[in-house]
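These notes concern the structure reproduced below.
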Ligand code: 5GP
Ligand code: MN
């Protein structure tokens, strides 16, 4: 609560607020950022948005997503408060250290692995999404939840609970969802935009990816990957990999699903984990230098495919027993 008071005071005192989220942003990062943007704008606060990476295509239907710059559309000298949303560590933001110098950094996040890297740290590991925390902040400040904000917040619930399916789907989550629907968020058009507006290329990539399936450790581990050749053959890209790992986890008997795809630079791979029962893949990812939640986590690793595969497979073997 003290952190919430500190954050509200920092917002009220600020000359310029920058809202940002982690690299390769997801629905929670973008949704919490946009919702807070709409609410703070409505309250006449001087608020701006900037991320390292572009808004993924599936979230571009959200109002205000076109305002999330990659090039700065404002004078950075005007910023004295940076609010980081949904990032577990400063490195996840992907910005040079100089951006943070002389500015207050407020961290709003729900990752257990959060390193408390802000001057103000609003961390709630029981929150189903960072968006749910942004909602609390908006309400605590007495700001309105417009239709645009409600849609963005609904996206954070939908995506971070894996469509109201995972362990963080509490009665409170459904109550908040109901409130957001009353405020104008429309579940079906939102679900359509997020899950059912994929290109044929994306579908073809899914086929290629599923062909790589390996079942290890007596079927308790499912392993899939995509590579640059597959992107080229199908005309797809990294954004089209969204949800692939969930298909692998759906296989009966699988405790851990692993998905690998090329990283942002030539020498890295992004490794994603999904857990289904007791294995804590968040801890697994942390042990490899990444982060995440009990049932969804990831890490970016430097090296070639086979070296990383072996390293990850050893770590998986250790937790699978
Ligand atoms: P996703 O599979 O949706 O990309 O990621 C699931 C979760 O894993 C995210 O919410 C995030 O917490 C974590 N995660 C994914 N990739 C990375 C990464 O490269 N580094 C870290 N630290 N966490 C990641
Ligand atoms: Mn999140």
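To test your reading of the geometry: what angle, between 0 and 90 degrees and rounded to tens, separates the Cα axis of helix 147-160 from the longest principal axis of the chain?
30
What does the highest-first list of 153-159, 235-241, 178-184, 65-71 look like by mean Cβ count within 10 Å?
Ranked from most to least packed, the peptides come out as 153-159, 235-241, 178-184, 65-71.
Output the relative contact order of the stretch 1-145, whole-number percent, from Cα pairs under 8 angstrom with separation of 6+ residues.
28
What is the order of 143, 19, fewest Cβ neighbours within 10 Å to most?
Fewest to most other Cβ atoms nearby, the residues stand as 143, 19.
Arrange the peptides 189-195, 166-172 so that the one whose residues have, on average, the most other Cβ atoms within 10 Å appears first.
Going by the mean number of other Cβ atoms within 10 Å, highest first, we get 189-195, 166-172.
Can you compute the FRET efficiency between residue 67 and residue 174 using 1/(1 + (r/R0)^6), with r the Cβ-Cβ distance and R0 = 25 Å? Round to the nearest 0.05.
The formula returns an efficiency of 0.25 here.
Any chance you could give the angle, 0 to 90 degrees and rounded to 10, that helix 130-140 forms with the longest Cα principal axis of the chain?
10
Expressed as an acute angle from 0 to 90° and rounded to the nearest 10, what is the orientation of the C-alpha long axis of helix 305-320 relative to the principal long axis of the chain?
Computed tilt is about 90 degrees.
Would you mind putting 307-315, 107-115 in packing order, based on average other-beta-carbon counts within 10 Å, highest first?
Top to bottom by mean Cβ count within 10 Å: 107-115, 307-315.
Please arrange 93, 215, 36 by how many other C-beta atoms lie within 10 Å of their C-beta, fewest to most.
Details: 93 22, 215 14, 36 31.
The most exposed by this proxy come first: 215, 93, 36.
Measuring from centroid to centroid over Cα atoms, what is the spacing of the stretch 201-247 and the stretch 263-310 in Å?
Using only Cα atoms to place each centre, the spacing works out to 15 Å.
For residue 101 and residue 287 in the same chain, what is the full-extension length gain: residue separation times 0.36 nm, less their Cα-Cα distance, in nm?
Here the answer is 64.0 nm.
Convex hull over the Cα atoms of the stretch 2-195, averaged projected area in nm²?
Average projection, Cα convex hull of the stretch 2-195: 9.8 nm².
Between residue 306 and residue 75, what is the spin-label point distance in nm, taking each point 7 Å from the Cα along the Cα→C-beta axis?
5.6
So if R0 is 22 Å, what FRET efficiency would residue 147 and residue 60 give, r being the distance between their Cβ atoms, rounded to the nearest 0.05?
Calculated value: 0.80.
Let me have the 222 nm mean residue ellipticity of the chain computed from DSSP H runs of 4+ only, each contributing -39500 (n - 2.57), with the sum over all residues rounded to the nearest 500. List each step's numbers first, then the result.
Working: 11 runs with 121 residues, N = 321.
Calculated from helices alone, the mean residue ellipticity at 222 nm is -11500 deg cm²/dmol.
Provide Rg and Dmax in Å for the stretch 200-320, with only Cα atoms included in the calculation.
Answer for the stretch 200-320, Rg first and Dmax second: 13.4, 39 Å.
Tell me the label-point distance for the pair residue 203, residue 250, using the 7 Å Cα-to-Cβ offset, in nm and rounded to one decimal.
According to this spin-label approximation, the distance is 1.5 nm.
How do 14, 163 line up, fewest other C-beta atoms within 10 Å first?
163, 14
Roughly speaking, what is the stretch gain from residue 264 to residue 125, that is 0.36 nm per residue apart minus the C-alpha to C-alpha distance, in nm to one decimal? Could you put the intermediate results ahead of the total?
Working: separation 139, 0.36 × 139 = 50.04 nm, distance 2.82 nm.
Between residue 264 and residue 125, full extension yields 47.2 nm more.
Label-point separation (nm) for residue 313 and residue 164, each offset 7 Å from Cα along Cα-to-Cβ?
Output for this residue pair reads 4.1 nm.
Each value in this text was obtained by applying a stated rule to the coordinates, not by laboratory testing. Just so we're clear, the structure is a prediction, and the values are computed from it rather than from any experiment. Glycine also receives a Cβ, built like all others from the backbone with ideal geometry; neighbour counts cover every protein chain displayed.
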